[in-house]
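Since the structure comes first, as structure tokens, the remarks are kept for the end.
The values are calculated or read from the model by the stated rules, or taken from the named source; none is laboratory data. This is a predicted model, so every value here is computed, not measured. With ideal geometry, Cβ positions are generated from the backbone for all residues, glycine too; neighbour counts draw on all protein chains shown.
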């Protein structure tokens, strides 16, 4: 079994994001970067499936040369092969909308399959942590002509079919996709493992395949980035100055009345 996991280099979740003065980019000078969380789970899902069914895991990303860091991390937790679709390091992701990104990834996947054979399963994250567009995985699946389901919370291999379970309001939907296919993985499908020292050392020896990104600009144009308005909230500790349990209870009741629950 050959599995491909596509990942994206994104600012570390929880980091303070500063927008550049021209409103066209994010200041990255003091940002840490990581793999988008949904895609981190996709890598873990790929490794678990190969451990259970044998095969290889390839991890692919589109980005600048710095994105090799995320590929090496994937190799340290079980990926066998890594590939970078290089966009160059000068304004590396400017103009890379979902249309252009998906075209470059689809071309790269076709190139990898010509060299090593078709992938039985291609995994994406449900959406990226930075742009949250929900588009790239679906667009790539359409361009390479394979069935696709998003929002996967469980994946199993059953002969030549991929069984995907997706959460809905009242339970789960179960889909059976013929292999080869594409699946978008949702965070929470598993708990990604941490790399061991042995894994980190081994990841340095994994050969990096580099593919030049060649795709025309898409039809989407970013107009302006605006940071959300910062708000402050006060925390009130009930009973902080109360002299007895009864006085504390009175403060709780007063608050419940104030917010309309009593």
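The figures follow:
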{"quantity": "Pairs where the first residue, in segment 134-145, is assigned by TED's automatic domain parsing to the domain that holds residue 110 and within 18 Å of residue 39 (Cβ to Cβ) and the second is modelled with pLDDT under 95 and in a loop (DSSP other than H, G, I, E, B), C-beta under 6 Å, 6+ apart", "calculated": "134/127"}
{"quantity": "Sole residue being at pLDDT below 95, under 28 Å from residue 210 (Cα atoms), within 16 Å of the chain's Cα centre (by Cα) and surrounded by 19 or more Cβ atoms within 10 Å (Cβ to Cβ), chosen from 183, 136", "calculated": "136"}
{"quantity": "Any hit, segment 220-239, residues being touching a residue at least 24 places away in the same chain (Cβ under 8 Å), in the same structural domain as residue 59 (by TED's automatic domain parsing) and either over 30 Å from residue 63 (Cβ atoms) or exposed (fewer than 10 other Cβ atoms within 10 Å of the Cβ) (or both)", "calculated": "no"}
{"quantity": "Residue ranges of strands (runs of 3 or more DSSP E) in segment 137-183 with at least 2 members in contact with a helix residue (DSSP H, G or I) (Cβ under 7 Å, 6 or more places away or on another chain) and within 15 Å of residue 1 (Cα to Cα)", "calculated": "148-158"}
{"quantity": "Any hit, segment 211-234, residues being part of a strand (DSSP E or B) and over 30 Å from residue 86 (Cα atoms)", "calculated": "no"}
{"quantity": "Exclusive hit being outside the structural domain of residue 165 (by TED's automatic domain parsing), outside any loop (DSSP other than H, G, I, E, B) and free of Cβ contacts under 8 Å to residues at least 12 places away in the same chain, set 257, 251", "calculated": "257"}
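Conditions (1) under 17 Å from residue 9 (Cβ atoms); (2) at pLDDT 95 or above; (3) surrounded by 22 or more Cβ atoms within 10 Å (Cβ to Cβ), marked per residue:
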site: 116; (1), (2), (3): no, no, no
site: 122; (1), (2), (3): no, yes, yes
site: 125; (1), (2), (3): yes, no, yes
site: 132; (1), (2), (3): yes, no, no
site: 145; (1), (2), (3): no, yes, no
site: 150; (1), (2), (3): no, no, no
